[in-house]
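Here is the structure we will look at.
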Amino acid sequence: MKIFLIVLAIILVVLVLILGLSGVLFRFGAKVSDSQMAKANGQELLREKRRVLAVAAHPDDLEYWPSGTLGELIKNGSDVTIVICTKNQTEGDIRKEEQLRAADILGYTKVIFLDLPDRYLPGHANELRQKLSDVFKEIKPDTVFTFDAEKEGPVYHHRDHEEAGKITEEVSKTQNIKHIYFFHTSAPDTLVDISDIINKKLEALDAHVSQSHILFGFNFRDTQLRRMLRSYGKIIGVEYAEPFRKGW
């Protein structure tokens, strides 16, 4: 029994260290080359009403990364449609339900599930390209958000994220998209003030109960996310900000 408790304690300590280190690395990467330009780009992004399409690999990707900005766009009258490229093979229905709850919290106009296999997106590139092309033709967005496949952000790399970003950018170039913004980027040049909507962002993220990181009542995911967004906020003199790289 003592050996079991010792092993359990070691596992918990390692887990806490890993989660804590990942949060430090995220915050360490919170920098931009020109803070004034990043602030101006963020203000410009929110200034006009847009027809938005946000593409992610999995449920909860958008709530973690650009949902504060998407929520602010919805507040200014923009239509925001989101696309989830994959379906988890064992928890697909649960994760869809969680994504729909998050969508209700933030006010997304529409949620589209492409149902490609989770963790195997690179092997379905042609199918993803065709499905996304169909979505673009249906929604006719002027502004797109997706993962930064070219200059991916620190700490967490996932081949589904990279493929979703790469194919979305490819399709965007064929569809006369006015603007594209990349999230989870290592080279942000756009910071959006989300201070007024941070609590709603976290509420939507917490709708993804199956993906929560809670240990002894402490929510590691939400705490780390707050710290990262606060680090970006300090750069432009606000409480919280989301980072993007503006493609065009």
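Here, each number is a calculation from the coordinates, and none is a lab measurement. All values derive from a computational prediction rather than experimental measurement. Note that each Cβ is placed from the backbone with ideal geometry, even for glycine, and that neighbours are counted across all protein chains shown.
List of remarks:
- Span-like helix ranges in the chain, DSSP H, alpha carbon extent 20 angstrom or more, Kyte mean at least 1.0: 2-28
- Under 11 Å, Cβ to Cβ, from Asp142 - net charge with Lys/Arg +1 and Asp/Glu -1: +3
- Spin-label zone in region 39-59 - amide nitrogen under 20 Å from a point set 7 Å from the Cα of Val209 along the C-beta vector: 59
- Cα→Cβ-extended label distance, 7 Å offset, between Val155 and Asp104, nm: 3.0 nm
- Within region 159-217, the percentage of alpha carbon pairs spaced more than 16 angstrom apart rounds to 68%.
- Local net charge near Trp248, Cβ-Cβ under 11 Å (Lys/Arg +1, Asp/Glu -1): +3
- The radius of gyration of the Cα set in the chain, together with its Dmax, comes out at 18.1, 65 angstrom.
- Packing-based ranking, highest mean first, of 45-51, 30-36, 57-63, 108-114 given that Cβ atoms within 10 Å are counted: 57-63, 108-114, 45-51, 30-36
- Computed per residue of the chain from DSSP H runs no shorter than four, each worth -39500 (n - 2.57), the mean residue ellipticity at 222 nm is -16000 deg cm²/dmol.
- Distant-in-sequence amide H partners of Val83 (H built 1.01 Å from N, under 5 Å): Ala54, Val55, Ala56, Ile112
- Region 55-186: equivalent-ellipsoid semi-axes (sqrt of 5 x gyration tensor eigenvalues, Cα, Å): 19, 18, 15
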